[in-house]
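A.B. asks: Below is the structure I would like to discuss, written out as structure tokens.
The values are calculated or read from the model by the stated rules, or taken from the named source; none is laboratory data. None of the values given here were measured: they were computed from a predicted structure. Counting neighbours? That spans all protein chains shown, and the Cβs are built from the backbone with ideal geometry, glycine included. Calculation scope for accessible area: heavy atoms of the full protein, side chains included, ligands and nucleic acids excluded. Shrake-Rupley method; radii C 1.70, N 1.55, O 1.52, S 1.80 Å.
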Amino acid sequence: KIFDKIKEKNFIGIEFITEPPGAEVYLNGSYKGKTPVKIPYIYADSYELLFVKKGYEIYSEQITFFSGEDKKISAELRKTKKEGIIKIETEPSGADIFLNDIYKGQSPVVVGGLLPGKYRIKMEKDKYKSVEKVYYIKEDEITSINESLEKIRDFFVYSELIPGLGQIVKKHYIHGTIFLSVFTGYAFYFYKNFRSPPVYNENKVELSKRFGKYYIGEKLVSEEEYKAEINRRKKEKEEYDRFHDKKLKAKVLGVALYAINIADMVFLLMWDSYKEKREKISLRPEISKDFKGLKFRINF
């Protein structure tokens with residue numbers, strides 16, 4: 001009962017009828033079916049209503065629906081004057097649409113009254129790659145465009161932070177093979193040489209010499225045992241320090257190799273971006289002239 005009351009207060013049923021029938025119905029660019037069509041629940045609000053049918057002019061009306069009784073909306077469509085219609089949808093929606101550099105609104109959008117010929121369509125949306133294509137509009141035809149926009153991803157993804165793998169993902173196989181081999185060899189070297197550190201515990205047992213006698217802790221030992229213990233401790237400390245010094249240098253080498261890998265990855269991404277832009281450049285001239293208006297232009 002609560003939902004019924006909400007629907008009674010906020011929604012309305014609308015029936016759309018055109019003469020001739022079979023026109024596509026759009027409310028704020030959203031397709032609702034072909035006439036005659038009845039939509040049981042439409043939220044009471046203002047909408048841009050479009051009826052679109054091949055061979056007929058686009059019927060456009062800004063209409064406001066108020067809650068209350070169901071309504072019927074009818075329209076008589078007029079034949080086109082040999083003009084075409086273009087219907088543009090994008091995924092996701094909300095892209096800015098430019099027709100020959102003239103802004104036409106956000107997708108989904110329907111543009112009518114177009115003379116037959118080529119039109120340059122540009123679709124732009126924040127955080128997505130722009131799309132620009134040329135379409136031929138035919139007279140008495142509806143040209144439908146449905147374009148999936150590619151999201152501009154972050155400069156790096158996780159795979160590109162893994163040495164060698166990023167280069168392979170970007171199809172730079174030689175770079176990837178070199179870095180993958182280098183880091184595989186480095187990992188093997190590091191594991192083999194630094195897996196087991198030498199045993200070294202700071203000896204807490206005190207060495208002392210008292211009244212001409214030698215002691216290790218409280219144990220009385222000979223002079224030879226005393227000196228041997230000193231040499232053993234010294235050698236053990238040197239081995240321990242030498243191991244960790246070598247390990248530190250190996251870590252610095254690893255960081256340097258990784259930094260080189262990242263620098264290589266950045267270079268490859270910038271190079272790919274440069275090549276992509278360069279491939280879009282066309283040196284084929286398009287000459288437009290208008291001697292009456294004294295205009296002459298060459299576009300590349």
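A.B. asks: What full-extension length gain, to one decimal in nm, is calculated for residue 200 and residue 253 as 0.36 nm per residue of separation minus the Cα-Cα distance? Don't skip to the end; give the middle numbers.
C.D. replies: On the way: separation 53, 0.36 × 53 = 19.08 nm, distance 2.53 nm.
Once the chain is fully extended between residue 200 and residue 253, it gains 16.5 nm.
A.B. asks: Would you kindly give the portion of the calculated P(r) for the range 166-232 that falls above 17 Å, as a percent of all Cα pairs?
C.D. replies: On the way: 1438 of 2211 pairs.
The proportion of pairs with Cα distances above 17 Å equals 65 percent.
A.B. asks: Which semi-axes, in whole Å and largest first, does the equivalent ellipsoid of the range 20-64 have when worked out from the alpha carbon gyration tensor as the square roots of 5 times its eigenvalues? Numbers along the way, then the final one.
C.D. replies: Numbers: eigenvalues 66, 32, 11 Å².
Working through the eigenvalues yields semi-axes of 18, 13, 7 Å.
A.B. asks: Still on this structure, please answer the following. Roughly how many percent of the accessible protein surface of the chain is carbon and sulfur, given a 1.4 Å probe and a whole-percent answer?
C.D. replies: Ligands and nucleic acids excluded, carbon and sulfur give 55 percent.
A.B. asks: Extent of the range 1-143 along each principal axis, from alpha carbon coordinates, in Å, largest to smallest?
C.D. replies: Result, largest extent first: 54, 40, 18 Å.
A.B. asks: Given a 1.4 Å probe, how much area per residue of the chain is accessible, in Å²? It would help to have the intermediate numbers written out before the result.
C.D. replies: Details: 21160 Å² over 300 residues.
Result: 71 Å² of accessible area for each residue.
A.B. asks: Still on this structure, please answer the following. Compute the Kirkwood hydrodynamic radius of the range 33-115, taking the inverse of the mean of 1/r over all pairs of distinct Cα atoms, and give it in Å to one decimal. Don't skip to the answer; put the middle values down first.
C.D. replies: Working: mean 1/r = 0.0677 Å⁻¹.
For the range 33-115, the Kirkwood estimate is 14.8 Å.
A.B. asks: Another question, then. Given the range 121-274, report the % of alpha carbon pairs whose separation exceeds 23 Å. Intermediate results must be reported in sequence, preceding the final value.
C.D. replies: Numbers: 7844 of 11781 pairs.
I get 67 percent for the Cα pairs in the range 121-274 exceeding 23 Å.
A.B. asks: P(r) for the chain, please, calculated from all Cα pair distances in 10 Å bins and given in %.
C.D. replies: 5, 15, 15, 13, 11, 11, 9, 6, 5, 5, 4, 2, 0
A.B. asks: Okay, next question. Could you list the square roots of 5 times each eigenvalue of the Cα gyration tensor of the range 88-199, that is, the equivalent ellipsoid semi-axes, sorted largest first and rounded to whole Å?
C.D. replies: Numbers: eigenvalues 573, 40, 15 Å².
Values for the range 88-199, descending: 54, 14, 9 Å.
A.B. asks: For residue 136 and residue 171, FRET efficiency with R0 = 35 Å and r from the beta-carbon atoms, rounded to 0.05? Spell out each step's value before the answer.
C.D. replies: Values: r = 34 Å, r/R0 = 0.97.
Taking R0 as 35 Å, the efficiency between residue 171 and residue 136 is 0.55.
A.B. asks: Taking the alpha carbon gyration tensor of the range 209-252, what are the square roots of 5 times its eigenvalues, largest first, to the nearest whole Å? Numbers along the way, then the final one.
C.D. replies: On the way: eigenvalues 232, 13, 8 Å².
Values for the range 209-252, descending: 34, 8, 6 Å.
A.B. asks: Continuing with the same structure: Roughly speaking, what is the centre-to-centre gap between the range 13-36 and the range 207-235 when only Cα atoms are used, to the nearest Å?
C.D. replies: First find each Cα centre; the distance between them is then 104 Å.
A.B. asks: Hey, rough spin-label estimate for residue 104 and residue 41, points 7 angstrom out along Cα→Cβ, what's it come to in nanometres?
C.D. replies: Label-label distance for residue 104 and residue 41, simple model: 3.4 nm.
A.B. asks: Can you tell me which of 263-273, 20-30 comes out highest on packing, and rank the rest after it, using the mean Cβ neighbours within 10 Å?
C.D. replies: Numbers: 263-273: 14.5, 20-30: 16.8.
Top to bottom by mean Cβ count within 10 Å: 20-30, 263-273.
A.B. asks: Can you pull the accessible area of residue 248 for me, 1.4 Å probe, Å² to the nearest 10?
C.D. replies: Answer for residue 248: close to 100 Å² accessible.
A.B. asks: Same structure again: Pulled fully out, how much extra length does the chain show between residue 70 and residue 273, if you take 0.36 nm times their separation in residues and subtract their Cα-Cα distance? Each step should come with its number before you reach the end.
C.D. replies: Details: separation 203, 0.36 × 203 = 73.08 nm, distance 5.59 nm.
Additional length available on full extension: 67.5 nm.
A.B. asks: If you take the alpha carbon radius of gyration of the range 1-76 and divide it by 2.2 N^0.38 Å, what ratio comes out, to two decimals? Present the calculation step by step, with values, prior to reporting the outcome.
C.D. replies: Working: Rg = 13.0 Å, N = 76, 2.2 N^0.38 = 11.4 Å.
This ratio for the range 1-76 stands at 1.14.
A.B. asks: So, one more: Quote the convex hull volume per residue of the range 77-138, based on C-alpha atoms, as a whole number of Å³. Can you show the working numbers first?
C.D. replies: Values: hull volume 5.2 nm³, N = 62.
Roughly 83 Å³ of hull volume per residue.
A.B. asks: Here's another thing I want to ask about it. With a 1.4 Å probe and all protein chains in place, put 220, 165 in order of accessible area, largest first. All intermediate terms of the calculation are to be shown ahead of the outcome.
C.D. replies: Details: 220 100, 165 70 Å².
Correct descending sequence by accessible area is 220, 165.
A.B. asks: I need the calculated FRET efficiency for the pair residue 144 and residue 63, taking r as the beta carbon distance and R₀ as 22 Å, to the nearest 0.05. Walk me through the numbers on the way to the answer.
C.D. replies: Numbers: r = 24 Å, r/R0 = 1.10.
Efficiency for this residue pair is about 0.35.
A.B. asks: Here's another thing I want to ask about it. Using Cα-only point scatterers and the Debye equation, what is log10 of I(q)/I(0) for the range 51-99 at each q in 0.15, 0.17, 0.28 Å⁻¹, rounded to two decimals?
C.D. replies: Result of the Debye calculation: -0.67, -0.80, -1.06.
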